[in-house]
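The values are calculated or read from the model by the stated rules, or taken from the named source; none is laboratory data. Just so it is clear, the model here is predicted, and its values are computed rather than measured. Every residue, glycine as well, gets a Cβ built from its backbone with ideal geometry; the counts of neighbours run over all protein chains shown.
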Amino acid sequence: MDHDEMSSIQAMVLRERRKSWMLRLWIATGIFFMALPGTLLGFSNLMAIASHHGLGVLPAAWIQGHGHAQVFGWVGSFILGIGFYSQPAHGRSVVRLPLVCYLLWTAGVASRWVAGIYGWHWRTIYPMSAGAELAAVLLFLLAASRHKRQEEKPAVETDASRAKSQRRPMPLWMVSVLLGAAGLLAMVVFNFVECVHLAHVGAGRAFPHGLDQRYLVLMAWGFMTPMVWGFSARWLPAFLAIPQPNPDLLSFALWMDVLGVLCGVSGWTLLATMFLAVGAVTISFALHLAERPHGQAKVAGIHPSFPSFVRLAFVWLSVAGFLGVWAAVADQHGGIWGASRHALTVGFVATMIFAIGPRILPHFSGFYSIYSKRLMLLSLLTLQTGCLLRVSSEAPAYEGILPLAWKVLPVSAMLELTGVLLFALNLLLTYSLGRSSFAVAPGEHGLAVC
Ligand code: HEM
C-alpha cells in the first residue's frame, strides 16, 4: 500500500470516528430527554391523574411538556443524529454543521421544557426555542438535500446517465422517510407559529385543546409513523429474513397515512382515524410481518427475541388505529385518546426503538454490540407489560367504565419507567464499557449493519 492510499484510509477512519462521536452525543442527549424531562414527568403526571381520578387537575402545559420532551427531545434527537450519521460528509461538514444543528436543537428543546413547566419568561422563551428547533430542522434538511444531489450526480454526466437517473423511481422506503421528514418540518413550523401566537396574545402557555389534538396527529402519524415505516421497509427484510415490502400495499398504506394526517389537521377527526386505522393494518401486510421467514433472522449481538418484539410493535400500531376510531366516536374524558396515543408512542415507536436500537446504534457509534442482551430483553418486557396495563386500563378508568382500573395505572407507569431506565442504562453502559470497534485495523471496524 503506497503513502497516498495509507493517508486516504487514515482520513476515512478519522471521519468515521468523528461521525460516530457526533452520533453518540445525539443519542446520549436523546436518552437524557427520554428518561428525565420525558418519562419521569410522564410518570409523575400519571401518578397525579390516578390519585385525583381525572386529567382535570393537571396543568395542560405539563402534559404538553412531557409530549414535547419525548417527541422532540428523544425521538427527534435520535432521528437527526442517525440522519447526519448516514450522510457521507467531507472535511469540516463532518462535525461543524451537525454540531451547530445539535446546539440549536438541544437548546430549543431544553429551554422549552423549562419555560413550559416553570413558566419562567415563557413569552420570550417560547418563540426563541421554537425558532431554534425550526432552524435546526432546516439545517438538517439542507445538508440532506445537498448530499442527495451529490450522490445522484455521476462522475461524468452523459445523456445516457442523465436519462437513467431520471427513469429510476425512488425506493418506497425512501419515500416514506421523506414523508416523515416533511412531517417533521410541518411539525416544527406548526409549533413555531403557535408559540409566536401564544407569546403575543395567549392567555396561558399551553396550546388550546382543539389545536393540540391536530398538532398531535402531525407528531404521531405525520412524523414518527412514516419515519419508522421507512426504516422498517429498509432494514427489516435483512434483519428478519422476510421478503422485500409489497410495493402496492406499501404505497397504499402511505396514501392512507397522508390522507389521515391531512384530514386530522383539517379537523375531520372521524375520517382521519379511519384512514389511519386502515393504513396501520395494511403496513403489517406490506412488510410481510405475518409470513414465515425464508431464513434465520440476524440476531448476532442482540437478544434472539428481537423479531417477536418487532412484530408485536406492529400489532400495537393496529391497536392504536382501532382505538383512534373508537375515540373519535365515543371519547368523553380523554381516556380513549390517551390509550390510542400510548399504544402508538409506547407500544409502537418506543418498542421499535428498544428493539432495533440495540441492533444498529452500537455499530453506528463505533462499538461491536450492545452491552447486555439480558438488559435488552428486560427493558422490552417491562415496557410491553407496562404498555399493556396502561392501554387496557386508561379508557375504563378515565371514561368511568371500571373505577378499579385507576389502581392499575400507577403500576403501569412504574413498569414503563423501569423499561425506559433499563434501555437507557444499557446504551450508557455500551458507550462507557463496550468494546470499541475502532481499535482494529481499518476495513475491519465492523460499521456495516447488514
Ligand atoms: C413511558 C412512559 C410514559 C408515561 C408514564 C406517559 C404518561 C403520559 C400521560 C399521563 C399523559 C397525559 C395524557 C394521558 O393521560 O394520556 C401523556 C401524554 C402524552 N405522551 Fe406520554 N407517557 C409515556 C411515554 C411516552 C412516549 C414514549 C411518548 C412519545 C414517544 C409520549 C408522548 C406523549 C404525548 C405526545 C402526549 C400528549 C401531549 C399533549 O397532550 O400535547 N409518551 N403521557
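Matching residues to (1) assigned to a helix (DSSP H, G or I); (2) of a type in the set (A, V, I, L, M, F, W, C); (3) over 19 Å from residue 250 (Cβ atoms):
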site	(1), (2), (3)
263	yes, yes, yes
272	yes, yes, yes
275	yes, yes, no
293	no, no, no
296	no, no, yes
301	no, no, yes
308	yes, no, yes
318	yes, no, no
Inset, instruction - Answer yes or no: is there a residue in region 361-379 that is assigned to a helix (DSSP H, G or I) and either within 13 Å of the ligand (Cβ to nearest atom) or in contact with an Asp or Glu (Cβ under 9 Å, 6 or more places away or on another chain) (or both). - result: yes
Inset, instruction - Filter region 246-264 down to residues that are more than 17 Å from residue 222 (Cβ to Cβ) and under 20 Å from the mean Cα position of the chain (by Cα), then give me how many there are. - result: 1
Inset, instruction - For region 41-68, name all the residues that are surrounded by fewer than 19 Cβ atoms within 10 Å (Cβ to Cβ), within 9 Å of the ligand (Cβ to nearest atom) and of a type in the set (A, V, I, L, M). - result: 47, 48, 55, 58, 60
Legend entry - Residue that is modelled with the lowest pLDDT [pool: residues in region 191-226 that are away from the ligand (no atom under 12 Å from the Cβ) and touching a Lys or Arg at 6+ places or on another chain (Cβ under 9 Å)]: 202
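Kindly evaluate residue 267 against the criterion of being at pLDDT below 95, in contact with a helix residue (DSSP H, G or I) (Cβ under 8 Å, 6 or more places away or on another chain) and not basic (Lys, Arg). Outline the logic, then answer.
Details: at pLDDT below 95: no; in contact with a helix residue (DSSP H, G or I) (Cβ under 8 Å, 6 or more places away or on another chain): yes; not basic (Lys, Arg): yes.
So residue 267 fails the test.
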Inset, instruction - Determine, yes or no, whether residue 315 is farther than 15 Å from residue 235 by Cβ, under 23 Å from the mean Cα position of the chain (by Cα) and either surrounded by 23 or more Cβ atoms within 10 Å (Cβ to Cβ) or within 16 Å of the ligand (Cβ to nearest atom) (or both). - result: no
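Could you identify the single residue in 185, 138 that is more than 14 Å from the ligand (Cβ to nearest atom), within 28 Å of residue 60 (Cα to Cα), within 21 Å of the chain's Cα centre (by Cα) and modelled with pLDDT of 95 or more? Talk me through it step by step, then tell me what you get.
Values: 138 fails: within 28 Å of residue 60 (Cα to Cα).
Matching residue, one of 185, 138: 185.
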Inset, instruction - Could you list all residues from region 187-211 that are surrounded by fewer than 17 Cβ atoms within 10 Å (Cβ to Cβ) and either closer than 23 Å to residue 119 by Cβ or without any contact (Cβ under 8 Å) to a residue 40 or more places away in the chain (or both)? - result: 193, 196, 197, 200, 201, 203, 204, 208, 209, 210, 211
Legend entry - Of all residues in region 1-20 being without any contact (Cβ under 8 Å) to a residue 24 or more places away in the chain and assigned to a helix (DSSP H, G or I), the one that is farthest from the ligand (Cβ to nearest atom): 3
Inset, instruction - Would you please list the contacts, defined by Cβ atoms under 7 Å and residues six or more apart or on different chains, that run from a residue in region 325-348 that is farther than 23 Å from residue 311 by Cα and charged (D, E, K, R) to a residue that is at pLDDT 95 or above and within 8 Å of the ligand (Cβ to nearest atom)? - result: 331/337
Legend entry - Matching residues, region 332-360, being within 7 Å of the ligand (Cβ to nearest atom) and among the basic types (Lys, Arg): 341
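Among residues belonging to region 380-425 that are small (Gly, Ala, Ser) and within 13 Å of residue 346 (Cβ to Cβ), point out the one that is nearest to the ligand (Cβ to nearest atom).
Once the filter is applied, the top-ranked residue is 413.
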